[in-house]
Amino acid sequence: MNHYSKTVNSGVRLERISVNKRVLVVGGGMAGLETALKLTRLGYEVTLLETAESPGGSILSLSSLYGLSGESDLLVQSRIEAIKQNPAVRVLTGARLVGVTGTVGDFRVEIEQAGQTIENRCGAIVVATGLEFGEELPGTGSPEKTISHKELERRLVDLQQSETNRSRMPSNICLIVEDEGVDSAMFSASALKNALAIKRLSKSSVFVCCDNVNVAGSGLEELYREARSEGVVIFRLEDMRPQVRETRTGLAVTVKDSSAAAPGGWQGLIEIECDLLVLPERATVPADGVSLQHLLNVSCDSDGWFQENNVWAKPVESNRRGIFFAGGCRGNFDVEDILAEAKGAALEVHNLLRHGKRLVPVGRVAVDASKCAVCLTCLRSCPHDAIEILVDDKGHNKAARIIDIACEACGICVAQCPANAIQMLADQFRDQDVAVSV
Amino acid sequence: MPESDLVVIGGGIAGVTAALGAAESAYSVYIVEKNADIGGHGARLCCKATDACRQCGACVVADKLDQVRSNPHISILTNTEVEQVSGSAGDFHVSLLCRDINEKTFLDTAAVIVASGFEPFDARHKPQLGYRTSANVVTGLDLEEQIRLTGSVARPSDGRPPSRIAFIQCVGSRDAHIGNDYCSRVCCKYALRMAGLAQSLLPELDVAVFYMDIQIAGKGFHEFYQTCRETMRFVRSIPVSVRESDSEALEVQYEDSAKGRLVRETFDMVVLSVGMVPARDATDLATILGIDAGSCGFFANPEPTDTNRTAVEGIWLAGACQGPKDIEGSIAHARAAAMDAVSFLSSRRNILSEPLL
Amino acid sequence: MIVAERKPIAEIRQMLESHRKILVVGCGACVTVCMAGGEREAELMAATLDLVFRNDSKCFSVDCVERQCEPEFLDPLTGKVNANDCVLSMACGVGVQTMAAQFPHVPIYPGLNTHFMGRPLEQGLWSETCAGCGNCILYKTGGICPIARCSKSLLNGPCGGSVNGRCEVDPDNIECAWQLIYDRMKEAGTLDLLDEIMPPKDWSDSAHGGVRRVVREDVML
Amino acid sequence: MRREPRIVAFCCEHSGKLAAGDESSSAALPDNVGIISVPCSGSVQTIDILGAFRAGADGVAVFGCHEGSCKHVTGNKMVKKRVEYVARTLEEIGWNRERVAFFPVAAVESKVFRDRLAELSENVRDRIHGYEKCLGKQSESAP
């Protein structure tokens, strides 16, 4: 929306509204830590919530970063240190958000920590709850011989730490990437980096089976080339899903790779003998992420990731002013992108709350309380959660009210109100406009 | 000498977004654009929606340009190039050459954001693909412009709708022979979106996509790719040549891996999904600014995960000058650069006006 | 609330054909909330009729009152009603009749079909919830009314037409009320209440005993 | 004499309005089209559309964002349903339902915008002239 070119109509006045300069960051992973740090640099006080006992998030379970040379551990640890030494950040670990009321500039939140409920006020909320790797493995195979990518990451950390573990690495390892959902790109990148890591640490043969190799990220094409030159065998699957069966000595994975097909009718069916099979798990929104979506009343995409799939919202905005998203909770896994989003979220917060005051045009949209039937249609239709129901001191509903600071003046409530009780004063097209245009 | 808080070099989507980010914090911003108008490549793209929005972001560019033109904190200098930058963070002196009047001007600024963008790969460097020698071989960007201006898909030779169209991926990307050893990240998305749009405009259209790997990224794209697989033919092979026969039909030669030999197939239009390469003047600009031009020509960042940072304090990178990015990615990157600049500027000088909704 | 729906324009057209000056009156109560006859809908009706009778030089005016079912709210309309040839009431049947009683000399036409007492299941979708039977048993049935919501108004469990929780009368749109009752009471741990057999219903409290009245002498003036 | 059909176009300021005003398209908007800019297509009410007909419009177009790209999440979906309601009402009163239409358009689709307007004009032109022929009299009083 263009804030400057519009002249403010006579019925609308500008009001100076105080906003709370404390910011709540939900999630203590990479995105949350970075957002908090950048916010303090801009002069904000931050409350950082983390459900686990310590911050860090799922990046800590990675043995290395996708296509990047930096060490994941260092990347997070340096930020955790910086946060700990920063007096402007209050870190609450083992804590969950359980209640949110109010609106941009003055959210009232309830936080549950160690059986106690803490009440807090803040002007904006940044959701950085990250993503979670499901443990369940689809497909067949004995549990000892079949592990998840996540488990492989764990083993690689061990492998990096001790020589003796290296000799115990199975000699034939097959990694499968299923091509489904936003996370397929992540698992393709993850399979490549882990295949290369195994190759470098052990003498194992490594096979990667995937539909498409994801190289759309920093350093991923180099990673792909390096993996191939180090002897990682990559099969690009066609039509057929990989078939797994148990053999006397291990597992046999049958894949179809069209580039391996030959003249004379051979279909390119290849059987890979392996003693360790790595299958992908699903990356999902964490369980309390789903309840958070309801709590915050924000819309999401069809797969349940935070933020609706809408070009206007990207990268970090939600349908509600004052609530932002950053990082894995949006379905993103690229560390560079996550850090950029964290910075972006900090900028949005700053442009909303700086100086602790905002000039808000009041009365662009107004409810005529005498006409309002309190039918809740506006409350249900407002896409930005900018309508509340006024109650009298006995708690009785009186009428709907527009929350000017959250209102985007889209006019949807005006169009929906069956009692004609809501009018738009500024920028409104009127009947005479229609008449003139005809 | 005019003073400003921030100078943004480049008026494409990244530059415009970064400028807006700082202007919303009430800092005064100059956008220096070497072309006659702001907008860059993003302003040439077409909307790729069919029955629903395909998230290409072309409309966001239009909206942002509209915003930036009427923002009182932003001044736009077009037809202007940066000639020299001296000084240091908080006190840069920028000398500019305005080509309209062929006159030098000077600007003092506290911070600089480099958003000098990219160039599409020049497909003439792959002569075997017939670009500019065969009329009906076009680049993705050519097709974008055609759809944007005419609302339809037509063969350039005779203006008639094609019945068989081939999209060739990775033209100028993932190609070590020409030194472009990286994925351009945007081509799979724009090619499939345009192919989908072309099919919705011409329901009988036969589409073949020649590719190495489809780069699935972003919300909803995987589902879209699956629907594309139902209506388009995906051939995992990059053609070796495109030749024009007499009837203006294009003969595409590629290795059919299932048959294990070269095959020829005719199409009446071929779209080359050209990738992104560094801007021609990137090296010069790097020298002027004293930043790292990077090994492949995209500006490099000294710290691996902070892609906005440069070796010079007070100068940040935004958008595709740092590496291939789509509109969504450029916007995200530019907002991050704006945050760096605002953070730096606010430590020096506090702006007292309150933000207006 | 009382849920109603706009009559087909063709029917309204027929009713109004012979009149020239027509007053369309909305009601600010139930029919506003169910988006059938509030101020908005009254204006919409006038605009639509204006197009219908475009070449017939008719004149439409619009007004809306708080509740058409109470005479006091209709008093201020007297002047306007008298200045018109007829009234198209956008209220429920109760409102139309109150209007007709108040203004016996002016033809009053109903603009809506009044359907039932119900509630919104979602924005734009209403469902019958209470039959006004005069003898409420909701405390025995988990807060779900079998009179209004079971197609057969059964009192002691579902019939054989309950399949997968849907009612055989219209499986796509009607849930089996008895399935809902069972599920709800199971969740509440009150299934034992269902052991009690309900005797046949006394329908004399319902419309079967003639026109019903509620008399409260203590509040009478 | 045949007159040009009068068209009222309600345009979302993020899509239709920008497409209408995009200078890059050489074709100017025809005189018979009146543009009304709205903050979101979802703010266009049923009564606004009927009001346009009442004021003498022959056709009404509502231009909003493509599905999934409404700045206000679902404004375009809402107005699409209202347009359908008006179309049904028009049908009920014996008019052609094609006099009103919702067109998804993006800010950069100025060609598409003009094409859709031309389609609507063409559609409506046939109707009003058919109607006027039917009446066989004063053409200016025809709806």
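The values are calculated or read from the model by the stated rules, or taken from the named source; none is laboratory data. Being a predicted model, the structure only gives us computed values, none of them experimental. All Cβ positions, glycine included, derive from the backbone under ideal geometry; neighbour counts span all protein chains shown.
Please work out which residue is nearest to D:GLY68 (Cα to Cα), limiting yourself to segment B:233-248 and to residues that are hydrophobic (A, V, I, L, M, F, W, C) and surrounded by fewer than 20 Cβ atoms within 10 Å (Cβ to Cβ).
Of everything passing the filter in segment B:233-248, B:PHE234 is nearest to D:GLY68 (Cα to Cα).
Taking into account only those residues within segment B:257-270 that are more than 9 Å from chain A (Cβ to nearest Cβ) and under 21 Å from A:GLU238 (Cα atoms), which is modelled with the lowest pLDDT?
Among those that are more than 9 Å from chain A (Cβ to nearest Cβ) and under 21 Å from A:GLU238 (Cα atoms), it is B:LEU262.
Restrict the check to segment C:53-76 and report whether at least one residue is surrounded by fewer than 24 Cβ atoms within 10 Å (Cβ to Cβ), over 26 Å from D:GLY51 (Cβ atoms) and polar (S, T, N, Q).
Looking through segment C:53-76, none of the residues is surrounded by fewer than 24 Cβ atoms within 10 Å (Cβ to Cβ), over 26 Å from D:GLY51 (Cβ atoms) and polar (S, T, N, Q).
Which numbered condition in (1) farther than 29 Å from B:ALA49 by Cα; (2) outside any helix (DSSP H, G or I) is the only one that A:VAL311 fails?
The single condition A:VAL311 does not satisfy is (1).
Among the residues of segment B:288-328 satisfying the criterion of being assigned to a helix (DSSP H, G or I) and closer than 18 Å to B:VAL8 by Cα, which is nearest to the other protein chains (Cβ to nearest Cβ)?
B:ILE327
Checking D:ILE47 against (1) at negative phi; (2) facing another protein chain (nearest Cβ under 9 Å); (3) touching an Asp or Glu at 6+ places or on another chain (Cβ under 9 Å); (4) outside any helix (DSSP H, G or I), which test does it fail?
All conditions pass for D:ILE47, except number (4).
Assess whether A:ASP106 counts as being surrounded by fewer than 23 Cβ atoms within 10 Å (Cβ to Cβ) and free of Cβ contacts under 8 Å to residues at least 24 places away in the same chain.
Answer is no for this residue.
Please work out which one of (1) part of a strand (DSSP E or B); (2) under 28 Å from D:HIS14 (Cβ atoms) is the condition B:GLU81 fails and give its number.
The single condition B:GLU81 does not satisfy is (2).
Need a quick list: strands (runs of 3 or more DSSP E) entirely within segment B:204-270 having at least 3 residues that are in contact (Cβ under 8 Å) with a residue 24 or more places away in the chain and closer than 19 Å to B:PRO127 by Cα.
Result: B:241-244, B:250-256, B:261-267.
Can you pull out every residue in segment B:24-54 that is surrounded by 24 or more Cβ atoms within 10 Å (Cβ to Cβ) and either at the interface with another protein chain (Cβ under 8 Å from one of its Cβ atoms) or in a helix (DSSP H, G or I) (or both)?
B:SER25, B:GLY42, B:LEU45, B:CYS46, B:CYS47, B:ALA49, B:CYS53
Considering only residues that are surrounded by 22 or more Cβ atoms within 10 Å (Cβ to Cβ) and either under 15 Å from B:PRO162 (Cβ atoms) or touching a His at 6+ places or on another chain (Cβ under 7 Å) (or both), look in segment B:198-231 and name the one that is farthest from the other protein chains (Cβ to nearest Cβ).
Among those residues, the one meeting the criterion is B:VAL207.
Which ones in segment B:113-165 are among the charged types (D, E, K, R) and within 14 Å of chain D (Cβ to nearest Cβ)?
B:GLU144, B:GLU145, B:ARG148
Residues that are in a helix (DSSP H, G or I) and either modelled with pLDDT of 90 or more or not assigned by TED's automatic domain parsing to the domain that holds C:VAL33 (or both): does segment C:154-165 have at least one?
No, segment C:154-165 contains no residue that is in a helix (DSSP H, G or I) and either modelled with pLDDT of 90 or more or not assigned by TED's automatic domain parsing to the domain that holds C:VAL33 (or both).
Going by the structure shown, is A:VAL335 closer than 25 Å to B:ASP306 by Cα and at the interface with chain B (Cβ under 8 Å from one of its Cβ atoms)?
The answer is yes for A:VAL335.
Taking the residues in segment D:50-67 that are closer than 20 Å to A:VAL414 by Cβ and in a strand (DSSP E or B) as candidates, determine which candidate is nearest to the other protein chains (Cβ to nearest Cβ).
Top of the filtered list is D:VAL60.
Can you tell me which residues in segment D:21-36 are within 7 Å of another protein chain (Cβ to nearest Cβ) and either of a type in the set (Asp, Glu) or within 28 Å of A:ALA419 (Cβ to Cβ) (or both)?
Within segment D:21-36, just D:ILE36 meets the criteria.
How many of the residues in segment B:91-135 are touching a helix residue (DSSP H, G or I) at 6+ places or on another chain (Cβ under 6 Å) and in a loop (DSSP other than H, G, I, E, B)?
Looking only at that region, the number is 4.
Identify, by number, the condition in (1) within 30 Å of C:SER151 (Cα to Cα); (2) assigned by TED's automatic domain parsing to the domain that holds C:LYS7 that C:LEU121 doesn't meet.
That leaves (2) as the condition not met.
Show me the strands (runs of 3 or more DSSP E) entirely contained within segment C:1-102 in which 1 or more residues are closer than 25 Å to D:TRP95 by Cα and within 14 Å of chain A (Cβ to nearest Cβ).
Passing ranges, in order: C:2-6, C:21-27, C:59-65.
With the structure loaded, tell me whether B:ASP158 is closer than 28 Å to A:ASN309 by Cα and exposed (fewer than 14 other Cβ atoms within 10 Å of the Cβ) or whether it fails that test.
Considered against the rule, which asks whether it is closer than 28 Å to A:ASN309 by Cα and exposed (fewer than 14 other Cβ atoms within 10 Å of the Cβ), B:ASP158 comes out as no.
Hey, can you tell me all the residues within segment A:96-126 that are touching a Ser or Thr at 6+ places or on another chain (Cβ under 7 Å) and of a type outside the set (Val, Ile, Thr)?
Selection gives A:ARG96, A:ARG108, A:GLU110, A:ASN120, A:CYS122.
Looking at segment B:153-197 only, could you name the residues that are small (Gly, Ala, Ser) and in contact with a His (Cβ under 9 Å, 6 or more places away or on another chain)?
The answer is B:GLY172, and nothing else.
Yes/no per residue for (1) surrounded by 22 or more Cβ atoms within 10 Å (Cβ to Cβ); (2) of a type outside the set (S, T, N, Q); (3) modelled with pLDDT of 95 or more; (4) touching a strand residue (DSSP E or B) at 6+ places or on another chain (Cβ under 6 Å):
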| position | (1), (2), (3), (4) |
| --- | --- |
| D:MET1 | no, yes, no, no |
| D:LEU18 | yes, yes, no, no |
| D:ASP31 | no, yes, no, no |
| D:GLY42 | yes, yes, yes, no |
| D:LEU50 | yes, yes, no, no |
| D:ALA57 | yes, yes, no, yes |
| D:VAL73 | yes, yes, no, no |
| D:ASN76 | yes, no, yes, yes |
| D:ILE93 | no, yes, no, no |
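For segment B:141-171, enumerate the residues that are touching a helix residue (DSSP H, G or I) at 6+ places or on another chain (Cβ under 9 Å) and within 14 Å of B:TYR211 (Cβ to Cβ).
B:PHE167, B:ILE168, B:GLN169, B:CYS170, B:VAL171
For segment D:101-110, state whether one or more residues are within 13 Å of chain A (Cβ to nearest Cβ) and either touching a Gly at 6+ places or on another chain (Cβ under 6 Å) or under 27 Å from C:MET35 (Cα atoms) (or both).
Checking segment D:101-110: not a single residue is within 13 Å of chain A (Cβ to nearest Cβ) and either touching a Gly at 6+ places or on another chain (Cβ under 6 Å) or under 27 Å from C:MET35 (Cα atoms) (or both).
Please note which helices (runs of 4 or more DSSP H) are completely contained in segment A:368-438 and include at least 2 residues that are closer than 28 Å to A:SER299 by Cβ, at the interface with another protein chain (Cβ under 8 Å from one of its Cβ atoms) and modelled with pLDDT of 90 or more.
A:377-381, A:412-416
Against the condition within 9 Å of another protein chain (Cβ to nearest Cβ) and either over 20 Å from B:ALA338 (Cβ atoms) or of a type in the set (Lys, Arg) (or both), how does A:ARG354 come out, does it pass?
yes
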